[in-house]
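Heads up, the thing below is written out as structure tokens.
The values are calculated or read from the model by the stated rules, or taken from the named source; none is laboratory data. Everything quoted here is computed from the prediction, not taken from an experiment. Here Cβ is always computed from backbone atoms with ideal geometry, including for glycine, and neighbour counts include all displayed protein chains. Heads up: the accessible areas ignore ligands, DNA and RNA and are worked out on the full protein's heavy atoms, side chains in. Shrake-Rupley method; radii C 1.70, N 1.55, O 1.52, S 1.80 Å.
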Amino acid sequence: MRFLIIQLLMFMGFFFLSVTHACEFRDLRFLIIQLGRKDLRLQMSGSENERRSKRSNSCDGQEKISYLPEAVLCHILSRISFKEAVRTSILGTRWKDLWAAMPNLEFDFKSMYYPNGRRSDSKEKLNEYMNFVERGLILRDGLNIKKFVLSCFEVSDFPSIYAWICNVITCNVQELDVRISVHPYAQLPWSLLTCKTLVVLKLSGRFVLNVPTNIYLPSLTILHLRSLVYLDDISVRKLFSSCPILEELEVVRSDWDNVRCFIVKVPSLRRLSLCFDPVSSEFKDCTRHKIMVDTPNLEYLKLCDHVSEAFLFSNLPYLVEADLDVQLPHMSSVFHSIFVRRVIELLARISSVKSLSLSSGTLRVLGFFLGDDLPTFDNLVHLKLGIDRTQDWYWLPNLLVSSPKLEVLHFEEGLLDVKNPDDYDRHFRSMPSEVPECLLMCLKSIEICKFVGKADEVKLIKYFLKNATVLVNMTIRCHCLNVVWNIREKLLVIQDELCKSPRGSSACQIKFIV
């Protein structure tokens with residue numbers, strides 16, 4: 001009977017692990033038995049498999065799994081979360097310290113001690129966490145580590161962190177993810193920046209990155225840096241140039257990072273994400289910041305920058321997707337016209353993209369553009385827009401004209417900046433009588449979010465329905481506060497009105513989500 005119950009649990013996919021109560025202990029054991037049987041079958045030859053299968057009915061599942069080699073048991077544990085793998089230590093003496101031999105060690109303080117998000121200042125829990133990490137590395141005893149994660153934003157004992165990182169580096173670590181809040185600042189070991197085995201490096205915290213003269217990361221392909229402090233501009237350039245095969249770079253800069261000209265010159269780079277949006281509202285550094293990027297193989301670009309005054313990009317022939325969120329700094333001495341021209345030049349540099357996202361801040365900058373023509377996006381098929389808060393979509397016709405092959409248009413934040421529908425008193429400008437080419441030839445899908453039913457919104461939607469001759473889908477998502485604002489009935493009336501409005505495409509289907 002017990003064997004049948006185990007098989008039933010296997011069939012139902014019972015993977016929920018807990019050891020708090022006796023019944024949950026059995027569930028954990030059943031899971032290990034299940035995974036052990038599967039991995040054991042994969043490793044045995046046909047004749048041996050057949051011979052041992054005959055013994056399966058007479059042998060207890062837990063006894064069978066105890067015969068597996070340690071490498072196989074570690075492989076089984078690697079298929080469940082690190083937290084649950086640690087819990088298997090109560091299954092018996094064979095399992096007590098087995099978790100420390102796993103290829104991946106993920107010490108996440110929050111998930112281990114506050115899985116439900118509830119937090120309290122507990123030095124006891126923090127000390128327990130520190131001792132647990134220390135014990136894990138001691139038990140590891142120099143065994144190679146594939147992935148090491150250390151995440152705790154309450155640590156004050158940085159000498160221990162420093163020693164742990166040095167220890168892990170000697171274990172030929174391939175992926176290192178350190179997220180630590182250190183106060184005020186702490187320097188990372190130089191050996192980290194000369195590690196030949198590192199493939200993925202993610203650092204988050206107020207670490208001081210003092211780049212050594214012999215820096216070289218020959219295997220690094222992914223680098224994420226968040227809230228670090230750099231020695232100077234040269235140290236940043238030197239860091240990136242020392243990663244000859246780097247493919248993905250993600251940098252989140254802080255107010256205090258000590259860099260004025262952020263230079264990224266990496267020939268191998270394919271994905272780049274740069275974010276410089278100071279959290280502090282008191283950030284008033286008037287020293288001119290700028291970004292310089294030279295990445296000839298870049299395919300994806302995300303730029304969120306509310307501080308820099310200049311964006312110098314070159315060599316972007318293979319760029320496929322771009323996400324721009326830029327705006328003129330509040331304390332900048334640069335004239336709006338100059339900054340707008342720089343943004344237009346940036347758009348020209350990325351005009352080969354197939355997918356483009358423009359934030360509300362970027363649209364606000366474009367609102368000051370007095371020229372007649374935007375850069376032409378000959379390959380653009382997917383366009384995602386924020387909300388035009390100031391110019392009433394004055395430039396929208398030009399943008400559509402500049403995107404002759406556009407197929408998907410997404411108004412991610414809606415058409416109006418509406419915090420309360422009753423307070424809205426602006427008016428859209430009329431769309432031009434000459435219909436853009438993309439509406440006549442290519443545009444197949446339009447999605448509008450946060451719809452509140454104002455006359456201007458309805459007017460623009462009807463324009464699209466009437467003039468988009470190959471439109472297939474029109475999706476309208478109403479604002480989530482429509483019930484609070486008591487406009488639900490009004491929206492349903494507008495839904496009927498739009499469904500009856502003239503359409504340029506007989507295949508167009510309207511999906512109205514209230």
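Dividing the convex hull volume of the alpha carbon atoms of segment 328-381 by its residue count, what do you get in Å³ per residue?
Residue-normalised Cα hull volume stands at 79 Å³.
For segment 156-248, with all protein chains present and a 1.4 Å probe, just round the carbon and sulfur fraction of the accessible area to a whole percent. Could you put the intermediate results ahead of the total?
Numbers: 2070 of 3830 Å².
Result for segment 156-248: 54 percent of the exposed heavy-atom area is carbon or sulfur.
Counting Lys +1, Arg +1, Asp -1, Glu -1, what net charge surrounds residue 214 among other residues with beta carbon under 15 Å of its beta carbon?
Value of the local net charge: +2.
Near residue 175, within a Cβ-to-Cβ distance under 10 Å, what is the net charge of the other residues, with Lys and Arg +1 and Asp and Glu -1?
Local net charge: +2.
Work out from phi, with θ = phi - 60° and the Karplus expression 6.51 cos²θ - 1.76 cosθ + 1.60, the ³J(HN,Hα) of each residue of segment 71-82, listed in order in whole Hz, and give x for Gly and Pro.
Karplus-based 3J(HN,Hα) across segment 71-82 equals 4, 5, 4, 5, 5, 5, 5, 5, 8, 10, 5, 4 Hz.
Could you state the per residue volume, in Å³, of the convex hull enclosing the Cα atoms of segment 280-394? Could you put the intermediate results ahead of the total?
Details: hull volume 12.3 nm³, N = 115.
For segment 280-394, the hull spanned by Cα atoms encloses 107 Å³ per residue.
Using θ = phi - 60° and the Karplus relation 6.51 cos²θ - 1.76 cosθ + 1.60, list the HN-Hα couplings for segment 192-206 in order, rounded to whole Hz, with x at every Gly or Pro.
Those phi angles translate into 5, 8, 10, 6, 7, 8, 5, 10, 10, 10, 10, 10, 9, x, 7 Hz.
Around residue 405, under 10 Å between beta carbons, what's the net of Lys plus Arg minus Asp minus Glu among the other residues?
Charge balance in the 10 Å sphere: -2.
Would you mind checking which residues have amide H under 5 Å from residue 302's amide H? H placed 1.01 Å from N; only 5 or more apart, or other chain.
Hits under the 5 Å cutoff: 272, 273, 274, 323.
Please work out the average accessible area per residue across segment 466-514, using the 1.4 Å probe convention, and give it in Å².
Ligands and nucleic acids excluded, the figure is 60 Å² per residue.
Listed here are the pairs 83/147; 454/511; 419/444; 110/202; 96/202; 202/265; which of them are more than 21 Å apart at the Cα?
Details: 83/147 15 Å; 454/511 18 Å; 419/444 30 Å; 110/202 18 Å; 96/202 30 Å; 202/265 19 Å.
Beyond 21 Å: 419/444; 96/202.
What are the semi-axes of the equivalent ellipsoid of segment 394-436, taken as the square roots of 5 times the eigenvalues of the Cα gyration tensor, listed largest first and rounded to whole Å?
Whole-Å semi-axes of the equivalent ellipsoid: 25, 14, 7.
Report the calculated FRET efficiency for residue 256 and residue 335 (r = Cβ-Cβ distance, R0 = 35 Å), to the nearest 0.05.
That pair, residue 256 with residue 335, gives E of 0.80.
For segment 244-336, what is the accessible area per residue in Å² when the probe is 1.4 Å?
Accessible surface, normalised per residue, equals 47 Å².
Give me the base-10 log of I(q)/I(0) for segment 101-249 at each q in 0.09, 0.18 Å⁻¹, Debye formula, one uniform scatterer per Cα, rounded to two decimals.
-0.28, -1.10
With a cap of 15 neighbouring Cβ atoms within 10 Å, and only residues DSSP puts in a loop, list the chymotrypsin sites (Phe, Trp or Tyr not before Pro) found in segment 131-177.
Passing both the DSSP loop test and the Cβ count: 153.
Computed over the Cα atoms of segment 197-355, what is the convex hull's projected area averaged over all directions, in nm²?
Working: hull surface 35.8 nm².
Hull-based average projected area comes out at 8.9 nm².
In whole Hz and in residue order, list the ³J(HN,Hα) couplings for segment 433-450 that follow from phi through the Karplus curve 6.51 cos²θ - 1.76 cosθ + 1.60, θ = phi - 60°; x for Gly and Pro.
6, 7, 6, x, 4, 5, 5, 7, 10, 10, 5, 10, 9, 10, 10, 10, 9, 6
Under a no-solvent Debye model with one identical scatterer per Cα of segment 331-424, what's log10 I(q)/I(0) at q = 0.13, 0.16, 0.20, 0.24 Å⁻¹?
With one equal scatterer per Cα and no solvent, log10 I(q)/I(0) is -0.46, -0.68, -1.01, -1.34.
Averaging over all projection directions, find the projected area of the Cα convex hull of segment 449-514 and quote it in nm² with one decimal place.
Reported value for the Cα convex hull: 3.9 nm².
So for the pair residue 389, residue 134, with labels modelled 7 Å out along Cα→Cβ, what separation do we get in nm?
Reported label-point gap for residue 389 and residue 134 is 5.0 nm.
Leaving out ligands and nucleic acids, and using a 1.4 Å probe, what accessible area per residue does segment 169-224 come to in Å²?
Result: 39 Å² per residue.
If you look at just the Cα atoms of segment 365-514, how large are its Rg and its Dmax in Å?
So, for segment 365-514, Rg and Dmax equal 15.1, 44 Å respectively.
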